[in-house]
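Before any comments, here is the structure.
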Amino acid sequence: MHLRYKDYEKIMDIGIRLSTEKDRNRLLMTILDNGMEITNCDASTLYLYENDELIFKFMRTVSQGVSRGMDGKPIDLPPVPMSEDNVCSYAAIHREIVNIPDVYASSQFDFSGPKQYDSLTGYRTRSQLVVPLANNENELIGVLQLINAMDEEGNVIAFGEQYEIIIRALGSIAAIELTNLSYLEALKTQIYSFVEALTTALEERTPYNALHTRNVEKYASLLADYITKLHKEGKCEKSFDSARKEQLMLAAIIHDIGKMVVPLSIMNKATRLGKQIEKIDDRFVLLKALYEIDMLRGRITQKEYEEAIADLESELKFIHEIDVIGYVDDKACEHIKELSEKQHVDADGSVLPYLTEEEVTCLNIRSGTLTVRERKEMENHVVMTSRILEKVKFYKGFSMVPKWVGAHHEYMDGSGYPNHLKGDELDLETRLLTVVDIYDALVATDRPYKEPIPRKKAIAILKDMAEKGKVDLRLVEWLDEALDKELGKDAQ
């Protein structure tokens, strides 16, 4: 039997498919299916070489409707030991193709296994073509065993010698691609281990941010999957294949890595004054003592002393209230101004103000806990994230990660930071990260400086931001729908 022109076309097409397939399992199935197609055989088994044994990966017998391993479930058959008595092991050990016209007429190998299978099933194993899968460095990847070649009438025949070199060539291509995929997986593992190392370092500095990172990853995955579902339903033009989503997930995990350089006094600042409140408490104790000394030395009367102490206690109570209140209104700001002017003057003219300039600045924070200076330091984490990632040589599959991460605090109207990007300058992935980052910041239950916001209220806040042109409304709505499906319609 000679190869025809269309056979060569088929072979070339298979070679191209093998060289472009990026999924390991699909590549392995392609090897098995295409080997059967080229040789027109009835059955085949693909083994992988692991731990000095041949492991059953896929099995198929067309005439009996048998197909095992294709669903991802392992085949419950014992591994084949590397013994020269076994034809597959022999081919693997010697890196040689073995062509057996009729296993029942062969005494070279132990075929008791196939014969026992035949007796149990009524099948008749006759011809075999066993091909070792080795890469360009002669490293063994596995073995392809083709069984019962057939002629055009469906009669079982021996495998033609012309197929040996073809199957070996395709097997070599497949083995090289499997090796390349292994290298790629190793590279991905290395990148992820680097990310995990940095994330662990960040977790050690501030535990709450570790949960934030995992939540952003979770919400980004949920939203990406929902977008893909909508795409399949024809409701969305965008979608996330495995490679695109994988890159998004890495960006989610690493998006806040620049916070490693933000001072903990800012990162974990739970109130407006932070640890400064302790200094104020100590200062007010000192002020009480100074007023008592003034009274004892006759500089003030008993009544003036009592009034001063009452005022100190009242002002200290006010300071503690403002330190933790959600919003500082105009009336409170006016009181803070009056308080900032109060001071104790000693007999020698030395002055002790009730509050320092920095403390007054902190108390005047209208909302939140950070001053303008502290907020700039916090916002600088995005710049530092970009600087850190600039030092990392991402392979092309992750090349967009630095861009997406460096822009996740940008807004669509250009009012974000650090580069005031807007509109089409922001990729879908960047806009998605922005939405889920804000969402988790709103609903987080472990932030030291804020109370969590209910889920629906957080979505309402995001929709309001979208109406003001800051975030993508579609993504907010899709996140809401995805969360509804994930958590249940009645989830709050």
**OP:** Using a 1.4 Å probe and ignoring any ligands, DNA or RNA, find the accessible area of Val66 and quote it in Å² to the nearest 10.
**Re:** 40
**OP:** Just read off the accessible area of Asp282 with the full protein assembly in place, 1.4 Å probe, to the nearest 10 Å².
**Re:** 110
Original post:
Size of the dipole of segment 279-380 about the Cα centre, Lys and Arg at +1 and Asp and Glu at -1 on the beta carbon, nothing else charged, in debye to 20?
Top reply: 100
**OP:** Restrict the search to segment 155-188; then list the GluC sites (Glu not before Pro) that DSSP places in a loop and that have at most 16 other Cβ atoms within 10 Å of their Cβ.
**Re:** Glu161
Original post:
Within the accessible area of the chain, what % is carbon and sulfur when the probe is 1.4 Å and the other protein chains stay in place?
Top reply: 52
**OP:** Output the pairs from Lys275/Lys403; Lys275/Lys391; Lys331/Lys468; Lys403/Lys463; Lys245/Lys463 with a Cα-Cα distance over 27 Å in this structure; if there are none, say none.
**Re:** Lys275/Lys403; Lys275/Lys391; Lys331/Lys468
Subject >> On Cα atoms only, tilt of 112-121 relative to the major axis of the chain in degrees >> reply: 90
Original post:
Of the peptides 401-410, 269-278, how do they stack up when ordered by the mean number of other Cβ atoms within 10 Å, highest first?
Top reply: 401-410, 269-278
**OP:** Mind checking which of Ala407, Met82, Leu202 is farthest towards the positive end of the chain's charge dipole, using Cβ charges of +1 (Lys, Arg) and -1 (Asp, Glu) about the Cα centre?
**Re:** Ala407
Subject >> Segment Val372-Cys236, length gained on full extension (0.36 nm per residue, minus Cα span) >> reply: 44.9 nm
Original post:
Ranked by accessible surface with a 1.4 Å probe, highest first, in what order do Val87, Val285 come?
Top reply: Val285, Val87
Original post:
Taking the inverse of the average 1/r across all pairs of different Cα atoms in the chain, what Kirkwood radius in Å do you get?
Top reply: 28.8
**OP:** On each of the three principal axes of the Cα atoms of segment 341-492, give max minus min coordinate, whole Å, ordered largest first.
**Re:** 71, 46, 27
Subject >> Rounded Å value of the spacing that divides the Cα centres of segment 131-169 and segment 83-105 >> reply: 12
Original post:
What size of dipole, in debye to the nearest 20, comes out for segment 384-492 about its Cα centre when the only charges are +1 on Lys and Arg C-beta atoms and -1 on Asp and Glu C-beta atoms?
Top reply: 340
Subject >> In Å², nearest 10: area of Phe394 left accessible to a 1.4 Å probe >> reply: 40
**OP:** Could you work out how far apart the two model spin labels at Asp311 and Thr445 are, taking each label as a point 7 Å from the Cα in the direction of the beta carbon, and quote it in nm?
**Re:** 4.7
Subject >> Rg/Rg_globular for segment 233-354, with Rg_globular taken as 2.2 N^0.38 Å and Rg from C-alpha atoms >> reply: 1.88
Subject >> Contact order relative to length of the chain, as percent, for alpha carbon pairs under 8 angstrom and 6 or more apart >> reply: 11
**OP:** Hand me the GluC sites (Glu not before Pro) from segment 285-339 located in a DSSP loop with no more than 16 other Cβ atoms within 10 Å, in residue order please.
**Re:** none
Subject >> Qualifying trypsin sites (Lys or Arg not before Pro) in segment 282-363, DSSP loop, other Cβ atoms within 10 Å at most 10 >> reply: Arg297
Original post:
So how tilted is helix 330-340 from the main axis of the chain? Cα-based, degrees 0 to 90, rounded to 10.
Top reply: 60
Subject >> Theoretical FRET efficiency, 1/(1+(r/R0)^6), r = Cβ-Cβ of Lys456 and Asp330, R0 35 Å, to 0.05 >> reply: 0.70
Original post:
Tell me, what is the per residue accessible area of segment 335-492 in Å², probe radius 1.4 Å?
Top reply: 51
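The values are calculated or read from the model by the stated rules, or taken from the named source; none is laboratory data. Owing to the predicted nature of the structure, the values given are computational and were not obtained by experimental measurement. No Cβ is skipped: glycine too gets one built from the backbone with ideal geometry, and neighbour counts run over all protein chains shown. Side chains are part of the model used for accessible areas, which takes the heavy atoms of the whole protein and leaves out ligands, DNA and RNA. Shrake-Rupley method; radii C 1.70, N 1.55, O 1.52, S 1.80 Å.
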